[in-house]
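**Q** Here it is: the structure, laid out below.
The values are calculated or read from the model by the stated rules, or taken from the named source; none is laboratory data. Computed from a predicted structure; not experimentally measured. Here the Cβ positions follow ideal geometry from the backbone for every residue, glycine too, while neighbour counts run over all protein chains shown.
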Amino acid sequence: MAPRAYWKGTLKLSLVSCPVVLYPASTTVEKTRFHMINRETGNRLKQQMVDAETGDIVETEQKGRGYELKKGTYVEIEKEELEAVQIESNHTIEIDSFVPRDEIDKRYYNNPYYVAPDGKAAADAFAVIRDAMKDEDRVALARIVLTNREHVIAIEPLGKGLLGTTLRYPYELRDEDEYFADIKTPKITKDMVELAGHILQTKAAHFDPSKFKDEYEDALKALVRRKASGKPIKAAEPEEKPDNVVNLMDALKASLKGTSAGKRRTPAPRRAPARRSAKKAHRSTARQRKAG
């Protein structure tokens, strides 16, 4: 069974158009997540909206949207008023231009989506647009509306389909000068740069995401398994702090020889207290009764 489409509409290049569907290309489903629980009963907690001034619980029908004009003063915007803001590209991906891939600043890339033809009738037009983009080696810039917001989306061929990546607007990026302005320009010798270059060469490789390992995620899963089985939690070893004074040339030479001042450690969970109070034992018993 095909996955459910996140968005349906039309991909349009001048007078050529075809129905397409979008699917999110990334997911966080496999990430380990925790719920807030009542430590006394083991029951899950639920959040409630509370009036910041009165402290009263606000029911669903009382909730609304407001834009803060000044501290504590809001103008309320109704749902119907938001829907009245019409955007031309609501159900159309209108291609505006084609640009060289290497001209797109990587900081602008946001969320990736798979773009596929919607139905057999769309296959021909979809293939024409996709293959023309392959031949020209260009990335299409278009506009799309997702979750009531208009986004610029970069579209490029990916296998038999297309990859669409939403782009951030310039106002969403911070100016690098604010963070880099105070970086000094020290005098470094040519030998140091050459040594660093040799180190880079020894670590040269090809991009292979299958080698990425989320060590923290693995540690979390191990923690949950050990905790659920009643096994003790091992304490993490304290990390060695590097010396404050480092001779850069010596460090470069040592690195080139394959030695390192410190080793990377996998995050480990902390040891649980050896003794538990009667209150904590009661909590554990309550949770076990609930689980049984």
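**Q** At least 3 residues that are closer than 30 Å to Tyr114 by Cα in each: list the strands (runs of 3 or more DSSP E) lying fully within segment 1-95 that qualify. Break it down into steps so the answer makes sense when it comes.
**A** Values: elements: 7-13, 16-24, 65-70, 73-77.
Counting at least 3 such residues, we get 7-13, 16-24.
**Q** Only one of (1) surrounded by fewer than 10 Cβ atoms within 10 Å (Cβ to Cβ); (2) at pLDDT 90 or above fails for Gln86. Which number is that?
**A** It is condition (2) that Gln86 fails.
**Q** Given the options Leu141, Leu162, Leu158, name the one that is within 22 Å of Glu103 (Cβ to Cβ), at pLDDT 95 or above and in contact with a helix residue (DSSP H, G or I) (Cβ under 8 Å, 6 or more places away or on another chain).
**A** Result of the check over Leu141, Leu162, Leu158: Leu162.
**Q** Out of curiosity, is Gly66 without any contact (Cβ under 8 Å) to a residue 12 or more places away in the chain, more than 30 Å from Glu156 (Cβ to Cβ) and within 30 Å of the chain's Cα centre (by Cα)?
**A** Yes.
**Q** Would you mind telling me which numbered condition in (1) among the acidic types (Asp, Glu); (2) without any contact (Cβ under 8 Å) to a residue 12 or more places away in the chain; (3) surrounded by 12 or more Cβ atoms within 10 Å (Cβ to Cβ) Glu94 fails?
**A** Tallying (1) among the acidic types (Asp, Glu); (2) without any contact (Cβ under 8 Å) to a residue 12 or more places away in the chain; (3) surrounded by 12 or more Cβ atoms within 10 Å (Cβ to Cβ), Glu94 fails exactly one: (2).
**Q** Could you say which residue among Glu40, Glu61, Glu76, Glu80 is touching a residue at least 60 places away in the same chain (Cβ under 8 Å) and among the acidic types (Asp, Glu)?
**A** Residue meeting the stated conditions: Glu40.
**Q** Here is a follow-up. Please determine whether any residue of segment 102-125 is surrounded by 15 or more Cβ atoms within 10 Å (Cβ to Cβ), among the aliphatic types (A, V, I, L, M), assigned by TED's automatic domain parsing to the domain that holds Asn90 and free of Cβ contacts under 8 Å to residues at least 40 places away in the same chain.
**A** no
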